[in-house]
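Worksheet: one structure, shown below.
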């Protein structure tokens with residue numbers, strides 16, 4: 001009886017061992033099959049991207065991410081899906097997916113690219129200086145973030161270039177509004193816009209005109225000291241510019257008339273000398 005129990009125990013152990021091995025084999029096969037399916041989905045998405053079909057590519061990249069969410073391919077697929085949306089100008093979808101990527105994969109090695117792509121989505125929606133400036137601000141802030149957090153990345157140089165362009169657009173918006181307020185006779189509102197250019201966008205091409213406008217408006221309002229202050233600022237930094245010459249004329253009303261009278265005198269003198277040759 002004892003021998004029977006012993007052999008029965010051995011028999012059950014063999015059965016259990018066999019079942020365990022079969023389950024491992026099945027699990028391995030299923031995992032390998034899923035892995036293969038994920039790689040296939042990723043490759044199909046990548047091929048679609050190369051064949052200029054970003055919509056299908058985005059769909060397949062997201063499917064690849066879902067098939068194996070714990071692998072490194074998942075984060076890569078999520079990022080590539082966002083890029084595919086970006087390529088077809090679906091910026092809202094790209095932004096949504098990128099924000100999800102940042103929350104889902106906070107330690108991924110490609111974070112710098114994700115932040116850059118977010119900045120580019122905002123940048124691509126920028127229009128002229130008359131439109132909403134919200135995308136401008138968001139794009140600029142994100143490019144600044146890239147410079148601060150990833151100064152050695154491949155995207156830092158382009159981020160700085162984009163910031164300079166955005167600063168020019170923002171300054172042109174302030175200039176547009178300032179000129180508009182001048183036409184309407186809203187002097188204080190105009191002054192505030194031009195001051196903003198000097199304080200916030202002093203590296204742009206609009207700073208010279210902004211200073212001149214402050215000379216002009218303050219002079220018109222009878223604030224001579226304030227007007228002279230800005231004229232000196234313009235002369236010190238941009239003495240050779242056309243805007244300095246215009247500001248100079250504000251304080252020298254006879255400047256142009258004197259120039260014309262001098263030119264006429266010189267012309268008459270030349271004519272007299274020419275006539276004397278035939279006398």
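The values are calculated or read from the model by the stated rules, or taken from the named source; none is laboratory data. Source: prediction; values computed, not measured. Glycine also receives a Cβ, built like all others from the backbone with ideal geometry; neighbour counts cover every protein chain displayed.
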| query | Listed residues 137, 146, 163; which is closer than 23 Å to residue 195 by Cα and touching a helix residue (DSSP H, G or I) at 6+ places or on another chain (Cβ under 6 Å)? | reply | 163
| query | Out of (1) modelled with pLDDT of 95 or more; (2) within 19 Å of residue 237 (Cα to Cα), what's the single condition that is false for residue 204? | reply | (1)
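Need a quick list: helices (runs of 4 or more DSSP H) entirely within segment 66-150 having at least 2 residues that are closer than 30 Å to residue 178 by Cα.
111-124, 134-149
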| message | For the list (1) without any contact (Cβ under 8 Å) to a residue 24 or more places away in the chain; (2) under 13 Å from residue 172 (Cα atoms); (3) in contact with a helix residue (DSSP H, G or I) (Cβ under 7 Å, 6 or more places away or on another chain), I need the number of the one condition that residue 189 fails. | response | (2)
| said: For segment 76-109, which positions are over 21 Å from residue 53 (Cα atoms), more than 17 Å from the chain's Cα centre (by Cα) and either without any contact (Cβ under 8 Å) to a residue 12 or more places away in the chain or surrounded by fewer than 21 Cβ atoms within 10 Å (Cβ to Cβ) (or both)? | reply: 100, 102, 103, 104, 105, 106, 107, 108, 109
| note | Of (1) farther than 25 Å from residue 124 by Cα; (2) without any contact (Cβ under 8 Å) to a residue 24 or more places away in the chain; (3) in the same structural domain as residue 142 (by TED's automatic domain parsing), residue 225 satisfies every one except (3)
| said: Take residue 103 and tell me if it is closer than 24 Å to residue 145 by Cβ, at pLDDT 80 or above and out of contact with any helix residue (DSSP H, G or I) (no Cβ under 9 Å at 6 or more places or on another chain). | reply: yes
| query | Of these, 176, 230, which one is under 31 Å from the mean Cα position of the chain (by Cα), modelled with pLDDT under 95 and either farther than 24 Å from residue 251 by Cβ or surrounded by 14 or more Cβ atoms within 10 Å (Cβ to Cβ) (or both)? | reply | 176
| Out of segment 166-186, which residues are in a loop (DSSP other than H, G, I, E, B) and in contact with a helix residue (DSSP H, G or I) (Cβ under 9 Å, 6 or more places away or on another chain)? | 186
